[in-house]
Amino acid sequence: MPGLEKRIVIAAIVFVFAVTGLIAISVRSFGIGLPTCLTDVRPFRESKVIQQGPKRYEVHYVSQMWNFEPADLAVEPGSTVDLYLSTKDVTHGMQIVGTNVNLMAVPGAVNYARVKFDKPGDYLVVCNEYCGVAHHNMAARIHVSNEAVAAAAAAAAALKGPSPGQQLLDQNGCTACHSIDGTASTAPTFKGLYGSKRTLADGSTVTADDEYLLQSIEMPEAKVVKGFDAMPPLPVSPEDARKMVEFIKGLR
Ligand code: CUA
């Protein structure tokens, strides 16, 4: 083989190994993965957000002309999110600006990517496959902040309505005298009650723990807080009293 050809063959072999090495380095050191099409997951038509643990989420994104569901997602900074993407109609793209997530939503398929959100902020999610007249309006947002997570949790709780414990306190008339927001009334407020030190009429102090709260519901005259009158005993089952205490616990 003439010298020039030999050198070209050697250069080609070196090049192939160099490129393979670079791919291996980017996968191992920079977490760059190839977008994956999942063949064992059936395409879904409902979006879903599943919290698998602290800072671990699985999110099923559904794309359709011309939006993504969920349109707003809130996660804590440092969260790892497994994204599954499906489409209800035509092919869409899904790019999360500021990350290396760039997936295609292909009819009949589910695509997957994992992303870790280290930096707090609002991440824009855009469609980058032309999908019709409003393609340029197709977007969603991922809010990476503790405040956004708290706001989303509060909104979800408001949708669900009052907890069983709160309903029982309302039905039995407790909240007519005991406020839940710290407002002073004819009885001590429930806000911040749990775990606090109570001074009783005889000058002794107790900690408002589970036992104290249950006793105060079942035998109110046993320990009366200084400056207040004993309330009449409540005819509630021990099970209901527990639910009430659980709710009061949450009013920090
Ligand atoms: Cu969806 Cu472009």
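The values are calculated or read from the model by the stated rules, or taken from the named source; none is laboratory data. All values reported here derive from a predicted model rather than from experimental measurement. Neighbour counts are summed over all protein chains in view; Cβ atoms, including those assigned to glycine, are modelled from backbone coordinates with ideal geometry. Heavy atoms of the whole protein, side chains included, go into the accessibility calculation; ligands, DNA and RNA do not. Shrake-Rupley method; radii C 1.70, N 1.55, O 1.52, S 1.80 Å.
Hey, what does the equivalent ellipsoid look like for region 149-214, semi-axes from the Cα gyration tensor as sqrt of 5 times each eigenvalue, largest first, whole Å? It would help to have the intermediate numbers written out before the result.
Numbers: eigenvalues 142, 43, 26 Å².
In descending order, the three semi-axes are 27, 15, 11 Å.
What does the charge count around PHE190 come to, taking other residues whose C-beta lies under 11 Å from its C-beta (Lys +1, Arg +1, Asp -1, Glu -1)? Please report the intermediate quantities before stating the final value.
Values: positive: LYS191, LYS249, ARG252; negative: ASP181.
It works out to a net charge of +2.
Quick one: net charge around LEU103, please, counting Lys, Arg +1 and Asp, Glu -1 for every other residue with C-beta under 14 Å from its C-beta.
Values: positive: ARG114; negative: ASP82, GLU129.
So the environment of LEU103 carries a net charge of -1.
Please list THR186, THR80 from largest to smallest accessible area, probe radius 1.4 Å, with all protein chains kept in place. Before the final figure, lay out each step's value.
On the way: THR186 105, THR80 25 Å².
Ranked list, largest accessible area first: THR186, THR80.
How large is log10 of I(q)/I(0) for the chain at q = 0.08, 0.18 Å⁻¹ when the intensity is taken from the Debye formula with one equal scatterer per alpha-carbon?
So the normalised log intensities work out to -0.57, -1.25.
Using a 1.4 angstrom probe on heavy atoms only, work out the carbon and sulfur share of the accessible area of region 1-103 in %. Each step should come with its number before you reach the end.
Working: 4080 of 6570 Å².
Accessible surface attributable to carbon and sulfur in region 1-103 totals 62 percent.
Might you tell me the accessible area per residue for the chain, computed with a 1.4 Å probe and given in Å²? Walk me through the numbers on the way to the answer.
Numbers: 15200 Å² over 252 residues.
I get 60 Å² per residue for this part.
Could you compute the net charge surrounding GLU239? Neighbours are other residues with a C-beta less than 15 Å from the C-beta of GLU239; K and R count +1, D and E count -1. Write down the numbers at each step before the final one.
Working: positive: ARG242, LYS243; negative: ASP210, GLU218, ASP240, GLU246.
Summing Lys/Arg as +1 and Asp/Glu as -1 gives -2.
Report, in whole Å, the centroid distance computed from the Cα atoms of region 150-170 and region 34-108.
Between the Cα centres of region 150-170 and region 34-108 lies a distance of 28 Å.
Largest first, what is the accessible-area ranking of MET244, MET219 with a 1.4 Å probe?
Details: MET244 0, MET219 95 Å².
If we order MET244, MET219 from most to least accessible, we get MET219, MET244.
May I ask what percent, to the nearest 5, of DSSP beta bridges between residues of the chain are antiparallel? Could you put the intermediate results ahead of the total?
Working: 34 of 46 bridges.
If I count the DSSP bridges inside the chain, around 75 percent turn out antiparallel.
With label points built 7 Å along Cα→Cβ from the Cα atoms of ARG42 and ILE25, find their separation and express it in nm.
4.6
Sorting check: for 94-101, 59-66, 9-16, which peptide has the highest mean count of neighbouring beta carbons within 10 Å, and how do the rest follow? Don't skip to the answer; put the middle values down first.
Details: 94-101: 17.6, 59-66: 20.5, 9-16: 10.0.
Averaged packing, sorted descending, gives the order 59-66, 94-101, 9-16.
Kirkwood hydrodynamic radius (Cα pairs, Å) of region 1-136? Before the final figure, lay out each step's value.
Values: mean 1/r = 0.0586 Å⁻¹.
Taking every pair of different Cα atoms in region 1-136, averaging 1/r and inverting gives 17.1 Å.
Carbon and sulfur together cover what percent of the accessible area of region 168-250 at a 1.4 Å probe radius?
55
Have a look at region 62-143 and give its Rg and Dmax from the Cα atoms, expressed in angstrom.
When restricted to the Cα atoms of region 62-143, Rg and Dmax are 12.1, 36 Å.
What is the antiparallel percent of DSSP beta bridges lying wholly in region 3-107, to the nearest 5?
Values: 12 of 20 bridges.
So the antiparallel bridges amount to about 60 percent of the total.
Cut-off under 26 Å on the C-alpha distance; same-chain residues fewer than 8 positions from LYS116 excluded. Which lysines are left, in chain and number order?
The qualifying lysines are LYS48, LYS55.
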